[in-house]
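The values are calculated or read from the model by the stated rules, or taken from the named source; none is laboratory data. Model, not experiment: these values are computed from the prediction. With ideal geometry, Cβ positions are generated from the backbone for all residues, glycine too; neighbour counts draw on all protein chains shown. The accessibility values were calculated without ligands, DNA or RNA, using every heavy atom of the protein model including side chains. Shrake-Rupley method; radii C 1.70, N 1.55, O 1.52, S 1.80 Å.
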Amino acid sequence: MRTPQEQAVAHTGIRLMRGVVYREVDEDGWTLLERHAAPVRDHFSTIGVQVVIDDVEGYAYLRNADEDDTEEPLPRLVRRRSLTYNVSLLLVLLRKRLVEFEASGGEGKLVLTRDQVVDILRLFLPDSSNEARVIDQVDTTIRKAAELGFLRQLPRQPGHWEVRRILKAYVDAQTLGDFAGKLTEYAGAHPGGDDG
């Protein structure tokens, strides 16, 4: 039989294994995580997994711990996801928009409409005379980003998407800088996103 402490650690660990724990969405899970952070971290560290808690932004998630060169590597518990070019592009562009939102003193959540996302992506998509195809492509990309947890459709507001702050953990400043340089170079060489 588990002690109350062991039960709390087990509940917290299971929540983290299911995905990102958000303070605003799962207050009970967040409270348990705050109370039992040390034993939860200890539990996961024995299997080579790191618990990342961002108190400022209000989210926590698991990632594989950095490997020590002297030890035999452990199998990966947290799988890497292979992203399409369009999804990768959208995530970087949304991260850039999040930086701009925060720099301008934006309070609360960054919310974009579907049309705004289309406009953000349009510059980098190949020119097409088939507008419906472009929109379908963007909708597919938005859905995939939502499945991955980086976007959340607002309840009772169809076509409005919250950019989740967990994106900051996956697209860091270095990646953003490198990709932004490439995008600027691409946009200059291919006005309108034309590949030809």
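Pairs only if they're at least six apart or on different chains, beta carbon under 9 angstrom, first in the stretch 88-100 and free of Cβ contacts under 8 Å to residues at least 60 places away in the same chain, second charged (D, E, K, R); list them, first residue then second.
Within 9 Å, the pairs are 90/144.
Could you count how many residues in the stretch 122-161 are farther than 28 Å from residue 61 by Cα and of a type in the set (A, V, I, L, M)?
5
Can you tell me which residues in the stretch 17-51 are open to solvent by 40 Å² or more (accessible area, probe 1.4 Å) and touching a strand residue (DSSP E or B) at 6+ places or on another chain (Cβ under 6 Å)?
Answer for the stretch 17-51, where residues must be open to solvent by 40 Å² or more (accessible area, probe 1.4 Å) and touching a strand residue (DSSP E or B) at 6+ places or on another chain (Cβ under 6 Å): 20, 41, 50.
Would you call residue 76 in contact with a strand residue (DSSP E or B) (Cβ under 8 Å, 6 or more places away or on another chain), in a loop (DSSP other than H, G, I, E, B) and open to solvent by 80 Å² or more (accessible area, probe 1.4 Å)? So that I can check it myself, show each step before the final result.
Working: in contact with a strand residue (DSSP E or B) (Cβ under 8 Å, 6 or more places away or on another chain): yes; in a loop (DSSP other than H, G, I, E, B): yes; open to solvent by 80 Å² or more (accessible area, probe 1.4 Å): yes.
Yes; evaluated as a whole, the condition is true for this residue.
Can you tell me which residue is nearest to the chain's Cα centre (by Cα) among those in the stretch 1-16 that are aliphatic (A, V, I, L, M) and surrounded by fewer than 18 Cβ atoms within 10 Å (Cβ to Cβ)? Spell out how you get there, then give the answer.
Restricting attention to the stretch 1-16, the residues satisfying the condition of being aliphatic (A, V, I, L, M) are 1, 8-10, 14, 16.
Of the ones still in play, those that are also surrounded by fewer than 18 Cβ atoms within 10 Å (Cβ to Cβ) are 1, 10, 14.
Values: 1: 37, 10: 25, 14: 20 Å.
Once the filter is applied, the top-ranked residue is 14.
Among the helices (runs of 4 or more DSSP H) contained in the stretch 89-196, which hold 3 or more residues that are open to solvent by 20 Å² or more (accessible area, probe 1.4 Å) and either over 30 Å from residue 64 (Cα atoms) or modelled with pLDDT of 90 or more (or both)?
Numbers: elements: 114-122, 131-147, 167-170, 173-189.
Hits in the stretch 89-196: 114-122, 131-147, 173-189.
So which of 18, 76 ends up being out of contact with any Leu (no Cβ under 7 Å at 6 or more places or on another chain), closer than 19 Å to residue 166 by Cα and of a type in the set (Lys, Arg)? Before you say what the answer is, go through the steps one by one.
On the way: 76 fails: closer than 19 Å to residue 166 by Cα.
So the residue among 18, 76 that is out of contact with any Leu (no Cβ under 7 Å at 6 or more places or on another chain), closer than 19 Å to residue 166 by Cα and of a type in the set (Lys, Arg) is 18.
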